[in-house]
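Undergrad: Before I ask anything, here is the structure I am working with.
Derivation of every value follows stated rules applied to the coordinates shown; laboratory data play no part. Nothing here was measured: the structure is a model prediction, and the numbers come from that model. Cβ placement follows ideal geometry from the backbone for every residue including glycine, while neighbour counts extend to all protein chains displayed.
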Amino acid sequence: MKKTIIVPKPTYLIDTNIFLRTLIKEDEVSFQACQKFLNQVKTNQVEAVVPGVVLIELVWTLKSFYGLTKREVIQALESVLHLNNLKVIDDYDHAQALKLWSKHKAKYVDCLLASLAQKYHYYIISYDQDFEKLGVKLERPF
């Protein structure tokens with residue numbers, strides 16, 4: 001009798017730029033890829049988490065860089081928070097993040113995300129290439 005080996009689905013940690021590319025839609029190709037990925041989250045085809053710091057970065061970017069009104073930002077954040085099967089997490093390894101930041105040229109927020117990815121063996125889904133030097137599993141939307 002053959003044994004069935006069950007390989008667990010990877011869990012994806014979603015970076016800010018994935019949400020931005022669906023909310024702003026500056027580029028059709030990345031918009032479609034991100035939209036497809038988020039639909040896979042919604043339908044439980046892939047598991048995903050979003051750190052609170054990503055939500056903070058999303059609010060800041062939409063308001064300051066893209067000039068959205070507070071009401072528009074609230075609507076955008078609500079759409080993220082109401083995405084089925086998406087879990088919000090905030091269990092950073094601040095010591096590891098600081099260690100990564102001291103060794104690499106990367107944003108501190110990316111080091112925080114990398115600390116989570118390392119701690120829980122998450123894949124980071126992002127267009128940000130800085131994650132490649134932080135020792136995490138990085139994927140682009142598919």
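Undergrad: Which residues' amide hydrogens lie under 5 Å from the amide hydrogen of residue 89, considering only partners 5 or more residues apart or on another chain, with H built in the peptide plane?
TA: Residues meeting the criterion, in which the H sits 1.01 Å from N, are 50, 52.
Undergrad: If you don't mind, there's one more thing I want to ask. Taking a threshold of 26 Å on the Cα-Cα distance, which of the pairs 42/107; 2/137; 103/137; 9/36 fall above it?
TA: Listed pairs above 26 Å: 42/107; 2/137.
Undergrad: How large is Rg over Rh for region 11-134, taking Rg from the Cα atoms and Rh as the Kirkwood inverse mean of 1/r across Cα pairs?
TA: Answer for region 11-134: 0.96.
Undergrad: Right, next: Taking H placed 1.01 Å from N in the peptide plane, check which residues at least 5 places from residue 13 or on another chain put their amide H under 5 Å from its amide H.
TA: It is 49, 123, 124, 125, by chain and number.
Undergrad: Then there is this: Could you derive backbone 3J(HN,Hα) for region 131-140 from the dihedral phi with the Karplus parameters 6.51, -1.76 and 1.60 (θ = phi - 60°), listing whole Hz in sequence and x where the residue is Gly or Pro?
TA: For region 131-140, the Karplus curve yields 5, 4, 8, 9, x, 10, 7, 10, 10, 8 Hz.
Undergrad: Where does the longest stretch of the chain lie that holds no trypsin sites (Lys or Arg not before Pro) found in a DSSP loop with 14 or fewer other Cβ atoms within 10 Å?
TA: Answer from the scan: 26-104.
Undergrad: Pull up all non-local amide H partners of residue 46: gap of 5 or more, or a different chain, and H-to-H distance under 5 Å with H placed in the peptide plane.
TA: Close amide H contacts, sequence-distant or interchain: 41.
Undergrad: With an 8 Å cut-off on Cα pairs and a minimum separation of 6 or more residues, tell me the relative contact order of the chain in percent.
TA: 30
Undergrad: Subtract the Cα-Cα distance of residue 99 and residue 133 from 0.36 nm times their separation in residues, and report this length gain in nm to one decimal.
TA: The span from residue 99 to residue 133 would gain 10.9 nm if fully extended.
Undergrad: Using the Karplus curve 6.51 cos²θ - 1.76 cosθ + 1.60 with θ = phi - 60°, work out ³J(HN,Hα) for each residue of region 71-86 in order, rounded to whole Hz, and write x for Gly and Pro.
TA: Computed from phi, the couplings for region 71-86 are 4, 5, 5, 4, 4, 5, 5, 4, 5, 6, 5, 9, 5, 3, 6, 8 Hz.
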